[in-house]
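A short worksheet on the structure shown next.
The values are calculated or read from the model by the stated rules, or taken from the named source; none is laboratory data. What you see is a predicted model, and the numbers here were worked out from it, not measured in a lab. Every residue, glycine among them, receives a Cβ derived from its backbone with ideal geometry; neighbour counts consider all protein chains shown. Just so you know, the surface numbers come from the protein's heavy atoms only, side chains and all, with ligands and any DNA or RNA stripped out. Shrake-Rupley method; radii C 1.70, N 1.55, O 1.52, S 1.80 Å.
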Amino acid sequence: MERTSELKYLLPVLLVISIAFLLLQSSYGDRNIPISIATLKGGLDISDYFLTPLPNAIHASLFVALFMLTHIYLRIKLPGADPFILPAVALLSGIGLIMVLRLSPDLAISRNEVLLSVFSRAPDATITDNVHTLVQMGMRHFINIVLGILVLIGALNGFNKRAFSWLSSKKYCWVLLSAVLITVTLLFGTKINGRKLWIFGFQSVEAVKLMMLFFVSGYIYEKGKGIELYRQGGFKHWLGYAVPFVAMWFFALVPLFIQKDLGPTVLIFVVLLLMFSYAGNRSTVTMLFILLTLSAGFISYNIGYPSIVRERFDMLLDPFGRSEAMTRVLWAISSGGLMGTGIGYGQPHRIPEVQSDFNFTAICEEMGFVGAISIILGYALFLHRCFKIASAAENVYKKTLVVGIGTLTGMQACIIICGNLNIIPLTGITLPFISYGGSSLIVNFLMAGIVLKISGEK
Amino acid sequence: MAIYRLRVITVLFVVLAGVAAYSLFDRMILKKDEIVSTRYRDKKFTDLMKGLINEGIIKTTGEEIAIDEELLIAKGLNKKTADRVRRSIKFCYMKKDALYFDGQSVSVLNNRGSGDETVLRGSIMDRNGITLAKSTLDEKAWKLKREYTYGPEMFPVVGHYSAVYGSRYLEKELDRYLSGQSHDPIYLTTNDPFKKVRLGDEVTLTINNRIQKFAYDLMDGKKGAIVVLDVRTGEILAAVSTPSFDPNTKEGDTWRNTFADRKERLYENRAFGALYPPGSTFKTVVASAWIDRSEGKRQASSSLFQRTAADGESQGRAGHVTMCSSKKNRYDISDIHTHGRVDIDRALIVSCNQFFSEIGVTLGPEMVKYAEGYGFNRGIELVPQLKDLHCSATPSLALSWQEDQAKGAGIKTYHGKDFRRNPKIVAQGAIGQNLVVATPLQMAMVAAAIANKGTVLNPYLVKEIKTGDNWERIFSAKPVVMGKTVREETAERLRSLMARVMESGTGKNVKKVYIEGGKHTTSPKDNKSPILRVAGKTGTAEVGDRNNNGIIDPDENAHSWFIGFAPADNPRIAIAVIAENQGLGGLTAAPIAVEVMAEALNR
């Protein structure tokens, strides 16, 4: 029954995505993308990646096939799994794929122009030549989605009862592991865009987020009744009560100083606070933490350390005077209007880092108010199902984990969407399932797999 | 408990989603236009440059603006910023011995709206099809250029169009047409099939370039304005404002200084926009009111009592007689010459201040009513038939004043009771001073209305608008009647009076227009050529206290005015000339006007 209704929702979504692929392909022809461009390293045939009708035809059919196969796999293996998760994931990742495929030729061409003009004036300038990466971005994103689906299927298989109990028993292991991972990344990681965040092509912060969820769920599960036990245990248990909050500060502040970015800090802080609150934390303590954080932000703004806080708040208050990027984002969002300019007919490549941080802006510009609202609704659906599954799940560990996953996804989307809309200070985190970035995409699919698995095991 | 907590989290997310959805609606639909048109200004960098100037790191050495490199390095800016400072030094400029940084140079405009479409702005042509402004597209470099065929003489009408300094006058007012936004796009075929070039509309003005240039040259550096109107249609044949600005100069410091100069006002269109006291030329309006009133009485009484025509005539003419003495009269009005006993005819011919001050006070509000008939106290649309354009001349004011624009208030008239309470102000108004101010265009309209038998035509500037491919005519102007001010008989009598002004009155010493071989000229080869009768009225407007403190600057010469039309018997063109601070109207303005009229009649 569940699988039939899943098919009923999945098919229209896949149809819409397929039509969008068609529009994308027609826009390539309409926009007159050059067949090949002259880069610093010689000619580059863009047509190999985009122009021939084949790639998008392959992308579209493969995309549909992938999700249909996942659906069939679920039908066989896990017929009781939630019917809404897969359509929501299909909608979000489909729009994300189309956006990346649409952006990558434009980004490559405009980047190439910048490079050529810079190097013609100053031949020894230090500027990254990433034209080839940008050209291949669409392809890579697609491969990441395929990997993500494989990981999702792997999660459906792997996360059985024993795995969950193992996960929950090794809870401190996750803290250690994430600490090790961060250290290793800092020592031996690859440097991209001046920041050391990658190890073996994987962004370690994304993995740390997931480990953090495992740890917190395990911690709460430990005594069966969650935090409430420590809370009611009196003064004796103050250490036990304090552990998660210490962990919260650890997880939250590490990325601030490693990544020099507010996004993960705020995200981890809020998600953990919400999870503790869900597990039965005192409301006064939650409020205290919120107040503390706000005052910390206020002090940080006034003393100007870390400098990013003041920078971002200035940007929020006066986008047209302080930040060219934010101004460009607002221009892009506003030019969308109700229905948008149409896929491929806007100019989102004028925004810096549009493929990762400002993906939502590109969607706003090209798909309009309607498209943006449908993205928000997609996340709302995912979140709603997570909470439904959590309230139906059998034990506290699973409950907390699913709530954690839902909150993490929802909060991440909220922070970046609100940041894009200049409601809160802008922070550089990815839009789950949509933004370009392999690690984040795969981790998101893994989380979706865990949610599906938990929902199926009743 | 957990369910309750989950609900709290859900509510939080619902609130967040609601806020996001509302802001989306706000940014994408409600404030769309506002956001899209906002410029980005790099305040951080502007502040940095200002700081560098204040600290003396950027300084002037004689004519050059230079950076003190040592201090700049000592400041410890990073390399990128320091390079940017070095590059931006060309945007610093001197003004009044102080150094400034042009913040405009670091602002970014959202040129997203135009997309890949290039707009080839339409040309502007004069009435004979001579191009005044046109855009050219260099297809190889894909660069647009706006060219102005004529120099400063056309600037007050055509204006300029610039990405940095904005646009002015017709380039601004007609932008919707010149950039082809008024209808479905028409594209130009170019070598590159994927680049779209949108054609703007071609605008034909009523201006005659020959008259305009002739009049501009005649002004010869004097400050002032000339407006030439076609009497029968209301077309504006010339609208000169001097001194003027040449839009062909390279954009840069000259532009910036010109548009910032509030004293010289090279950028101003004095013909439509500047308000001057009209001086004695306003007496034509007062005289028309006086004569028309008595004409009205005569007509009424002749129909009632069947008086003879001769009786009526004598009554209409008799009217008021005043003794013009060398002393100030009761309204503090004096004359340079003593005119003795004058009636209305004589008073207009010799321009007697004391006579007009008295009939002005007698007429009171009626004078304002007649002035409003001529177009005072209301804005004059220069393209009256296109309702979507608001290209209007500054309202001329007759015994009224414009409230502060910032407060959004309009024109306040001097109320009826005040006329009796303060007759001195009314008396000064009647001779075109104090609360009466007019644009040159308005005074030309007065002359044109008298020449046109009392019918006031709305002056207009745009003759026709065609699509860029010359296929379709979008707009074609027709004369628009604003109303009728005076009776035909009154206009006829004023016309003959104004002709007598030029023959035996204040304008008798002005050079004459001769007809020689079908051409009109003021310097004939043969002195026995027939003379063309010209009608007009001179004016010498005292420049009151500019600062509104009751002190009249003795160094400031009076404005020299002239309004008139030609030929006097069958008027075709009307003119208004003002030369700022050039003294008597008969000496400076009138000769210029006569020469321009002779040239204009030759078309």
Any chance A:Val254 is among the β-branched types (Val, Ile, Thr), under 30 Å from A:Ser283 (Cβ atoms), touching a Pro at 6+ places or on another chain (Cβ under 9 Å) and modelled with pLDDT under 75: yes
Taking the criterion of being among the aromatic types (Phe, Trp, Tyr), over 30 Å from A:Ala380 (Cα atoms), touching a residue at least 40 places away in the same chain (Cβ under 8 Å) and more than 9 Å from chain A (Cβ to nearest Cβ), would at least one residue in the stretch B:40-55 satisfy it? yes
Filter result for the condition that a residue is open to solvent by 20 Å² or more (accessible area, probe 1.4 Å) and either more than 22 Å from B:Arg495 (Cβ to Cβ) or in contact (Cβ under 8 Å) with a residue 24 or more places away in the chain (or both), over B:Gln354, B:Gln385: B:Gln385
Give A:Leu101, A:Leu150, A:Leu91 a once-over and let me know the one that is closer than 22 Å to A:Ile363 by Cα, assigned to a helix (DSSP H, G or I) and either open to solvent by 10 Å² or more (accessible area, probe 1.4 Å) or of a type outside the set (A, V, I, L, M) (or both). A:Leu91
List every residue pair whose Cβ atoms lie under 8 Å apart, where the two residues are 6 or more positions apart in sequence or sit on different chains, the first residue falls within the stretch A:319-331 and is within 7 Å of chain B (Cβ to nearest Cβ), and the second residue, located anywhere, is open to solvent by 10 Å² or more (accessible area, probe 1.4 Å) and among the hydrophobic types (A, V, I, L, M, F, W, C). A:Arg322/A:Met315; A:Glu324/B:Val108; A:Thr327/A:Phe320; A:Thr327/B:Val108; A:Leu330/A:Phe320; A:Leu330/B:Ile35; A:Trp331/B:Ile35; A:Trp331/B:Val36
Looking at A:Leu338, A:Leu291 in this structure, which one is aliphatic (A, V, I, L, M) and in a helix (DSSP H, G or I)? A:Leu291
Can you find a residue in the stretch B:368-383 that is at pLDDT 80 or above, more than 21 Å from B:Ile226 (Cα to Cα) and hydroxyl-bearing (Ser, Thr, Tyr)? yes
Here are the criteria: (1) in contact with a Gly (Cβ under 7 Å, 6 or more places away or on another chain); (2) under 21 Å from A:Ile109 (Cα atoms). Tell me which single one A:Gly336 does not satisfy. (2)
Of all the residues that make up the stretch B:1-29, how many are among the hydroxyl-bearing types (Ser, Thr, Tyr) and more than 7 Å from chain A (Cβ to nearest Cβ)? 2
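Condition (residue is acidic (Asp, Glu) and closer than 25 Å to B:Val577 by Cβ) applied to the stretch B:148-157: is it met by at least one residue?
yes
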Hey, among the residues in the stretch A:396-423 that are within 11 Å of another protein chain (Cβ to nearest Cβ) and modelled with pLDDT under 90, which one's nearest to A:Thr327 (Cα to Cα)? A:Thr400
Report the residue count in the stretch B:41-75 for those that are open to solvent by less than 40 Å² (accessible area, probe 1.4 Å) and at positive phi. 1
Test for B:Leu199: is it among the hydrophobic types (A, V, I, L, M, F, W, C) and open to solvent by less than 10 Å² (accessible area, probe 1.4 Å): no
Selection from the stretch A:374-395 of residues that are hydrophobic (A, V, I, L, M, F, W, C) and at the interface with chain B (Cβ under 9 Å from one of its Cβ atoms): A:Ile376, A:Leu377, A:Ala380, A:Leu383, A:Phe387, A:Ala390
State all residues of the stretch A:264-284 that are assigned to a helix (DSSP H, G or I), within 14 Å of chain B (Cβ to nearest Cβ) and touching a residue at least 40 places away in the same chain (Cβ under 8 Å); if no residue qualifies, say none. A:Val266, A:Leu267, A:Val270, A:Val271, A:Leu272, A:Leu274, A:Met275, A:Phe276, A:Tyr278
Every residue from the stretch B:252-302 that is farther than 18 Å from B:Asn581 by Cα, hydroxyl-bearing (Ser, Thr, Tyr) and open to solvent by less than 50 Å² (accessible area, probe 1.4 Å): B:Thr258, B:Tyr267, B:Thr284, B:Ser288, B:Ser294, B:Ser301, B:Ser302
Could you grab me the full set of residues in the stretch A:1-47 that are surrounded by 15 or more Cβ atoms within 10 Å (Cβ to Cβ), under 31 Å from the mean Cα position of the chain (by Cα) and outside any helix (DSSP H, G or I)? A:Ile33, A:Leu44
With respect to the numbered conditions (1) free of Cβ contacts under 8 Å to residues at least 24 places away in the same chain; (2) in a helix (DSSP H, G or I), which one is the sole condition not fulfilled by B:Arg500? (1)
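Within the stretch B:511-532, is even one residue within 26 Å of B:Lys412 (Cα to Cα) and either aliphatic (A, V, I, L, M) or open to solvent by 20 Å² or more (accessible area, probe 1.4 Å) (or both)?
There is no residue in the stretch B:511-532 that is within 26 Å of B:Lys412 (Cα to Cα) and either aliphatic (A, V, I, L, M) or open to solvent by 20 Å² or more (accessible area, probe 1.4 Å) (or both).
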Might you let me know whether the stretch A:45-53 holds any residue that is out of contact with any Pro (no Cβ under 9 Å at 6 or more places or on another chain) and in contact (Cβ under 8 Å) with a residue 60 or more places away in the chain? no
One residue from A:Gly371, A:Gly346, A:Gly336 being in contact (Cβ under 8 Å) with a residue 40 or more places away in the chain and either surrounded by fewer than 24 Cβ atoms within 10 Å (Cβ to Cβ) or within 11 Å of chain B (Cβ to nearest Cβ) (or both): A:Gly371
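Assess whether B:Ser107 counts as being touching a residue at least 60 places away in the same chain (Cβ under 8 Å), open to solvent by less than 80 Å² (accessible area, probe 1.4 Å) and within 14 Å of chain A (Cβ to nearest Cβ).
Values: touching a residue at least 60 places away in the same chain (Cβ under 8 Å): yes; open to solvent by less than 80 Å² (accessible area, probe 1.4 Å): yes; within 14 Å of chain A (Cβ to nearest Cβ): yes.
For B:Ser107, the condition - touching a residue at least 60 places away in the same chain (Cβ under 8 Å), open to solvent by less than 80 Å² (accessible area, probe 1.4 Å) and within 14 Å of chain A (Cβ to nearest Cβ) - is met.
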What is the number of the single condition among (1) surrounded by 15 or more Cβ atoms within 10 Å (Cβ to Cβ); (2) among the β-branched types (Val, Ile, Thr); (3) over 41 Å from the mean Cα position of the chain (by Cα); (4) modelled with pLDDT under 85 that B:Val19 does not meet? (4)
Please indicate, with yes or no, whether at least one residue in the stretch B:337-350 is at pLDDT 75 or above, closer than 21 Å to B:Gly539 by Cα, polar (S, T, N, Q) and in contact with a helix residue (DSSP H, G or I) (Cβ under 8 Å, 6 or more places away or on another chain). no
Determine which member of the set B:Ala66, B:Ala74 is touching a strand residue (DSSP E or B) at 6+ places or on another chain (Cβ under 8 Å), over 29 Å from A:Asn422 (Cα atoms) and either without any contact (Cβ under 8 Å) to a residue 40 or more places away in the chain or assigned to a loop (DSSP other than H, G, I, E, B) (or both). B:Ala66
